[in-house]
Amino acid sequence: MTAVTRQEVLGLYRKIFRIANKWQSASGQVEETIREKEYIKNEAKTLFRKNKNVTDPKLIKQCIEECEARIEIGLHYNIPYPRPIHLPPMGLAHKQGRTLRHQEKLRKISKPIYLKSHDEIS
């Protein structure tokens, strides 16, 4: 990792924790605000620790883009959780064969950048 990339990643990490400290839930309830703050901090710790050994510059760039997208979406909608994607359910495909593989491929391709790592840690 280059020095510039390292600074960018550390800056994002600090930015996330500053956002978490100032976070107010949409409902304004104290319990919900505390729960959402903890979620933001735990999600950041988990994802940054999971990716700390990534050395491929393309993968690092993808992780940075995902992080920035999740920050912007979270701030815009005032929701810390990833927004769901709307895809046809897997139940429409047969349990074997090309149709299932094709549907899995479409699902993987259509997943937005801000959800790339969410299913891996959930």
Completion exercise
Listed by first then second residue, the pairs whose first member lies in the stretch 1-26 and is farther than 19 Å from Lys37 by Cα and open to solvent by 80 Å² or more (accessible area, probe 1.4 Å), whose partner is not aromatic (Phe, Trp, Tyr) and not in a helix (DSSP H, G or I), with beta carbons under 7 Å and at least 6 positions apart or on separate chains, are Met1/Thr55
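Yes/no per residue for (1) more than 17 Å from Leu10 (Cβ to Cβ); (2) at pLDDT 90 or above:
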site	(1), (2)
Gln24	yes, yes
Lys61	no, yes
Ile64	no, yes
Arg83	yes, no
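To keep it simple, each residue is scored yes or no on (1) out of contact with any Phe, Trp or Tyr (no Cβ under 9 Å at 6 or more places or on another chain); (2) modelled with pLDDT under 90.
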site: Tyr13; (1), (2): no, no
site: Glu36; (1), (2): no, no
site: Leu47; (1), (2): yes, no
site: Ser117; (1), (2): yes, yes
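Every residue in the stretch 42-60 that is part of a helix (DSSP H, G or I) and open to solvent by less than 50 Å² (accessible area, probe 1.4 Å), please. Quick ask: steps written out before the conclusion?
In the first step, residues of the stretch 42-60 are kept if they are part of a helix (DSSP H, G or I); the result is 42-50, 57-60.
Passing the criteria: Glu43, Ala44, Leu47, Ile60.
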Fill in the blank from the handout: Checking Lys105, Lys111 in turn, the sole residue that is open to solvent by less than 60 Å² (accessible area, probe 1.4 Å), of a type in the set (Lys, Arg) and either at pLDDT below 95 or within 19 Å of the chain's Cα centre (by Cα) (or both) turns out to be Lys111
Handout entry: Failed condition for Tyr39, given (1) open to solvent by less than 70 Å² (accessible area, probe 1.4 Å); (2) free of Cβ contacts under 8 Å to residues at least 24 places away in the same chain
Key = (2)
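The values are calculated or read from the model by the stated rules, or taken from the named source; none is laboratory data. None of the values given here were measured: they were computed from a predicted structure. Counting neighbours? That spans all protein chains shown, and the Cβs are built from the backbone with ideal geometry, glycine included. Please note that ligands, DNA and RNA were not included when accessible areas were found on the heavy atoms of the full protein model with its side chains. Shrake-Rupley method; radii C 1.70, N 1.55, O 1.52, S 1.80 Å.
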